[in-house]
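The block underneath contains the structure these notes are about, expressed in C-alpha cells.
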C-alpha cells in the first residue's frame, strides 16, 4: 500500500531476507518494524536487485498483501549489469540526494559495511531484532 511521503527521515529495507524469506513468506518482526517506523513518520523505501520487469508486480502484491507501508520501491533493471551488492550500494547513495536516510536494513554484510563507512548511514542486519 503506497502511502504519501512523510518528512521525518527514511528507512531503507532490502526486500529479500529482510521483508521476505526464501519461501516467499513475510518476516513478521521486520513487517512490524516497517509499520512502526512508518507510523512514527518515517518513509519506507524498499530496494531489491530482482529484475523489475519480472518481479515488480510480485513485490507490490506482497507489500499490499501484508500491509507493509512504503513510499518508494526500487528494483534493478534487467539490463543493469551491476552485481546485487554494487546495485544496492549505488542505489542507497543515489537516494541520499532526495531522502534523509536514517537506517538501512540489509542481510548482506558488505552492503551494511560500505553504507556505514562510505556514507555514514547506520546499517543493521534484520536478525539483530531477534531474541536469542
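The values are calculated or read from the model by the stated rules, or taken from the named source; none is laboratory data. Keep in mind that what you see is a predicted model, and the values were worked out from it rather than measured. Because the Cβ atoms are built from the backbone with ideal geometry, glycine has one as well, and the counts that use them run over all protein chains shown.
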Check your understanding: Checking residue 48 against (1) modelled with pLDDT of 95 or more; (2) out of contact with any helix residue (DSSP H, G or I) (no Cβ under 7 Å at 6 or more places or on another chain), which test does it fail?
Key -> (2)
Revision key, fill the gap. Picking from 47, 29, the residue that is out of contact with any strand residue (DSSP E or B) (no Cβ under 6 Å at 6 or more places or on another chain) and either closer than 19 Å to residue 11 by Cβ or in a helix (DSSP H, G or I) (or both) would be 29
Check your understanding: Is it true that some residue in the stretch 116-124 is in contact with a helix residue (DSSP H, G or I) (Cβ under 7 Å, 6 or more places away or on another chain), within 16 Å of residue 16 (Cβ to Cβ), outside any loop (DSSP other than H, G, I, E, B) and touching a residue at least 24 places away in the same chain (Cβ under 8 Å)?
Key -> no
Exercise for review: State whether the residues of the stretch 36-52 include one that is in contact (Cβ under 8 Å) with a residue 60 or more places away in the chain and within 16 Å of residue 17 (Cβ to Cβ).
Suggested key: no
Check your understanding: Considering only the stretch 92-113, how many residues are buried (at least 19 other Cβ atoms within 10 Å of the Cβ) and outside any loop (DSSP other than H, G, I, E, B)?
Key -> 7
Check your understanding: Out of (1) closer than 28 Å to residue 57 by Cβ; (2) surrounded by 13 or more Cβ atoms within 10 Å (Cβ to Cβ), the odd one out for residue 124 is which?
Key -> (1)
Review point. Does any residue of the stretch 52-66 turn out to be over 25 Å from residue 82 (Cβ atoms), at pLDDT 95 or above, outside any helix (DSSP H, G or I) and over 13 Å from the mean Cα position of the chain (by Cα)?
Key: yes
Point to revise | Number of the exception - residue 22 against (1) over 19 Å from residue 126 (Cβ atoms); (2) in a loop (DSSP other than H, G, I, E, B) | key: (1)
Check your understanding: Given the structure, is residue 85 touching a strand residue (DSSP E or B) at 6+ places or on another chain (Cβ under 8 Å), part of a helix (DSSP H, G or I) and free of Cβ contacts under 8 Å to residues at least 60 places away in the same chain?
Key -> no
Point to revise | Members of the stretch 17-36 found to be closer than 19 Å to residue 51 by Cα and crowded, with 20+ Cβ neighbours inside 10 Å, listed by number | key: 18, 19, 20
